Amino acid sequence: CSLTMSGNKTVGAVFVAPQTAGWQPQVLVSPAATDQHGFQRVVMGSDGSALATWLQQVVVNNQVQEYIVWSRIYRPASGWGTPSEVTWVGPSMDRDGYRLAMNTGGKGILVWSDLRAATTSTYDVTAMPFDLTTGWGARATINSLTSPMRSLSAGVDDGGNAVVVWEQAKSASPQRGVWANRYSAGGTWGTAQVVNQNVDEGAINPQVAVTPTGDAVAVWRGFGSGTTGGLWTSKYSAGGSWSAPALTVAYGVGTVFDVGNNPAIVADRNAGALLVWYQIDLLPGPPASTQRSLWAMRYTNGAWSGAPASVSTPLVGNFPTGENEVRPAVAMNAQGQAAVAWSWVRQPQSVWVNRSRSDGTWETPQTVNGVDAGDLRNHSIGIGDAGHMTAAWYNTRLANIITNRYTDGGGWSSPLTMVNYDNTQGLLSAGSLAVNGAGSAVLVFQLNPDILRQGSQVFSRYFVGVP
């Protein structure tokens with residue numbers, strides 16, 4: 001701190017005891033009540049501040065009549081603030097499908113969809129902006145159609161502008177399309193539009209990555225005849241429009257038999273993006289067999305990289321149909337290093353992680369769950385600017401959340417159980433994980449207070465990072 005003594009001045013200082021590096025004790029985030037609180041989300045800023053949101057069920061005569069969206073802010077110097085109600089929504093809200101996104105400076109967007117009223121068939125896509133400094137902005141309906149909406153995805157640039165994409169029927173076609181709308185940090189929304197309007201094929205599970213400068217790249221799984229099926233992408237230029245959709249990863253071409261339904265995409269700090277997908281290849285026989293693996297491509301200087309890079313160790317053999325539901329989770333730091341986590345459906349399950357260097361070279365994939373076995377779901381991953389990684393997953397057999405930490409140059413530690421769980425409590429859902437550039441992390445999760453499941457509450461654990 002420096003001070004220019006140009007006259008008499010009063011100076012004050014507040015001294016806060018530094019937190020010990022590592023995971024902090026479990027803290028109750030939601031109000032202490034018997035209502036059902038859950039379906040949590042969390043995002044984190046570069047200064048270590050975090051925003052958690054969750055839903056409270058409003059039950060009348062044993063029926064859910066509405067949901068209340070709650071939020072609470074964490075500050076490194078003072079901990080969690082006071083929980084507050086954000087807004088009320090209808091009982092048809094997609095509880096698992098609402099999304100929370102934020103930039104590193106603390107500006108973000110909350111977006112969800114629900115049936116407008118029980119007597120209508122109109123589905124609204126609704127959003128609210130927020131700022132960790134100034135609070136929540138105005139609630140706005142950004143699209144309304146008479147067909148259900150699925151697969152929300154959102155991102156926020158450095159200026160607080162946001163892009164939201166989702167899956168919904170096209171206005172003049174029974175085929176499902178990829179819709180998009182953009183929020184200007186000045187407080188206005190654009191007009192929702194179909195990104196794949198001129199592509200005569202169905203689309204599912206769109207995802208969007210928003211760059212710091214406001215560009216965006218969307219990806220989705222398309223179903224078409226012949227060689228028109230696969231992963232399609234489109235680029236949005238800040239202040240401009242969406243480009244014509246391009247078939248970026250085609251199946252039915254060469255050895256590529258199919259691609260997964262759940263591609264993952266993340267933006268980097270240089271107006272580019274990283275796309276990760278699951279792929280099934282046909283191997284020459286006899287006997288006939290398949291190879292299953294994860295692949296990645298980078299989007300730089302307005303184009304996708306030429307040859308896809310292998311992310312996982314290939315699995316060879318004939319596998320259950322459910323293997324097509326592999327869901328990679330991806331994160332990227334300011335240096336351009338990327339981390340991908342995934343879990344194969346086959347038993348016994350393992351959680352795998354691989355890291356890409358800033359030059360795009362992938363390292364060797366590793367299992368991170370140790371002896372932790374069972375039905376391992378809802379894996380998530382984060383990577384700090386120093387290359388340290390945090391992975392989390394939900395073990396349904398143990399009804400617990402497990403994490404593991406990777407330190408650059410030191411490797412993976414042992415898996416750590418995160419929740420104070422015993423036979424008098426019941427864990428209802430997996431956690432939501434956020435990691436910032438300093439390597440700090442926050443995990444929020446839902447936990448029953450008693451074995452009778454009389455209500456549930458939202459808890460958190462905070463990780464103080466080591467630079």
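With the Cα gyration tensor of the range 48-203 giving a ≥ b ≥ c as the square roots of its eigenvalues, does the rule (a/c under 1.5 for rounded; else a/b larger than b/c for prolate; else oblate) give rounded, prolate or oblate? Note, shape of the range 48-203 comes out oblate. Summing +1 for each Lys or Arg and -1 for each Asp or Glu among the other residues whose beta-carbon sits under 12 angstrom from that of Asn205 gives +2.
Could you work out the relative contact order of the range 172-320, using alpha carbon pairs under 8 angstrom and six or more residues apart, expressed as a whole percent? All intermediate terms of the calculation are to be shown ahead of the outcome.
Working: 331 pairs, mean separation 21.6, N = 149.
The value is 14 percent.
Listed by chain and number, the lysines whose alpha-carbon sits under 30 Å from that of Lys107, ignoring those within fewer than 8 places in the same chain, are Lys235.
Pairs of Cα atoms nearer than 8 Å and 6+ residues apart set the relative contact order; for the chain it is 12 percent. Restricting the range 1-97 to chymotrypsin sites (Phe, Trp or Tyr not before Pro) that sit in a DSSP loop and have at most 16 other Cβ atoms within 10 Å of their own Cβ leaves Phe15. With a/c under 1.5 counting as rounded, go ahead and sort the range 169-220 into rounded, prolate or oblate using the C-alpha gyration tensor (a ≥ b ≥ c being the square roots of the eigenvalues; past the cut-off, prolate if a/b is larger than b/c, else oblate). Oblate. Highest-first packing order for the peptide set 142-155, 330-343 is 330-343, 142-155, based on the mean count of other beta carbon atoms within 10 Å.
For Arg461, the accessible surface of its heavy atoms amounts to roughly 40 Å² (probe 1.4 Å, protein chains only, rounded to the nearest 10). When a/c reaches 1.5 or more, the comparison of a/b and b/c decides; with that in mind, is the range 53-108 rounded, prolate or oblate per its Cα gyration tensor? Oblate, since a/c reaches 1.5 and b/c is not below a/b. As a fraction of the 1.4 Å probe accessible area of the chain, surface on carbon and sulfur atoms comes out at 51 percent.
Peptides 282-293, 437-448, 405-416 ranked from most to least packed by the mean count of surrounding Cβ atoms within 10 Å: 437-448, 405-416, 282-293.
A Förster radius of 45 Å, combined with the Cβ-Cβ distance separating Asp96 from Thr20, puts the computed FRET efficiency at roughly 0.85. Entry comment: accessible area of the chain is 43 Å² per residue, from protein heavy atoms only and a probe of 1.4 Å.
The values are calculated or read from the model by the stated rules, or taken from the named source; none is laboratory data. Note that the structure is predicted; figures quoted are calculated from it, not measured. All Cβ positions, even for glycine, are placed from backbone atoms using ideal geometry, and neighbour counts span all protein chains on display. Side chains included, ligands, DNA and RNA excluded: accessible areas come from the protein's heavy atoms. Shrake-Rupley method; radii C 1.70, N 1.55, O 1.52, S 1.80 Å.
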